[in-house]
Structures are given as C-alpha cells and as structure tokens.
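Take a look at the structure set out below.
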Amino acid sequence: MAEAARFTLLQRIRDPSDYSAWREFDRIYRPKMVGYAVSRGVQPSDAEDIAQQASEGVLRGLANFEHRRMGSFWAWLRIIVERRVQDHFRKRHEIQATSMFLEAQPSDDPSLTALWDWQRRTELLRYCVMRVRNEVAPSTFAAFCALAVEGRCADAVASDLGINISQVYVAKHRVIRRIRELFNELSDGTLIEVT
C-alpha cells in the first residue's frame, strides 16, 4: 500500500498544501462546528465565521497537537470552537449577558459534550454513507437502503431488485462494513454500531 494511502485525514491536514484533505476536513467538520456555535446562541452567519476561525486555529495548532487517545482530536477541536464562541461574545460587547450564560454552561457541561458528540457522529456518518453510496453499485446501495434503512423484508427487496435473498444480505453487509471502516478511519478510531 502506498505511504499516502495510510495517512488518516488528521495526518494529511498537517500539510497545509494538501487542499483535498482540507476540503474533506471542511466537509466533515464545518457543519459540526457551525451547529455547535448556533447551539451556544450564535447567529448562523456568525457561526460560519467561527467555524472558519476554528479551522484556522486547527491549522496553526496542528503542529503541536499530539494524538494521545481516541477522541482527543475531537476534544481539542471542541475547545478551539468553544474559545472562538467565547471570543465572539466578548467582541460583541455582550460580556455581562454572556458571562452568566457561559457560567451556567461551562465548556465541560455534559449536555454540551453530548450535543457535540452527537453532532460529530451524525455529520460524519452522513458523510460516510454518501461516500460509500458513490463507491458501490446502485443496486447494492438500493438493497442496503431497503433492508437496513427502510426495514423492508428481504424477500420483497430481492423480488423488487431481481436478485436472490442472499445477495440482499451480502449487499447490506458490504455497505455496512465499508461505512464502518470509513467512519472509524475518519473518527480517531471511535467505533460505531450499525445493524
């Protein structure tokens, strides 16, 4: 396997000139950063600016970032976004109102952590499903959707697609396996359960 093929997205974005890695980073992480900022009370247009500033912060800080355990990148990114949110409120001269809000919901608030994690996993899973959709045959993805997403009976799916039942199950298994592989590759190794 080529050396470049072994790099994870996190490793690839260490090179600021790897534009495809940064486009992929933006596609995966921007919706999460924007959603988090909006959940903290930032207007959507300002949340886009915060996401951009956070991406710039990642670029500046990545040389010093040390991946110590699963999820450490996500925790680091969350700190960067939270700091940009706090900077936003300070710059908007809303210190008094914001300080009470920030004291009521500190950056390690479990509900905010859960929201951050849920947004991260949802956006990343959506991205992985769309990538896998483009990697497999249309009939394979159709069998997966009908069986795993829509919950249809395997007999009916096989009949509709003109394939046998075992092919329906194989298609579902292959798509789920590839989504899981891609998700784990892009998520610092955080395992997912997809049935």
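Coordinate-derived values only; no laboratory data. All figures in this text were calculated on a predicted structure; none of them were measured in a lab. Don't worry about glycine lacking a Cβ; one is built from the backbone with ideal geometry, like all the others, and counts go over all protein chains shown.
Numbers below:
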{"item": "Output for segment 155-170, where each listed residue is over 13 Å from THR140 (Cα atoms) and hydrophobic (A, V, I, L, M, F, W, C)", "result": "ALA156"}
{"item": "Residue selected from segment 126-140 under the condition crowded, with 18+ Cβ neighbours inside 10 Å and of a type in the set (A, V, I, L, M, F, W, C), by the criterion farthest from VAL85 (Cα to Cα)", "result": "VAL132"}
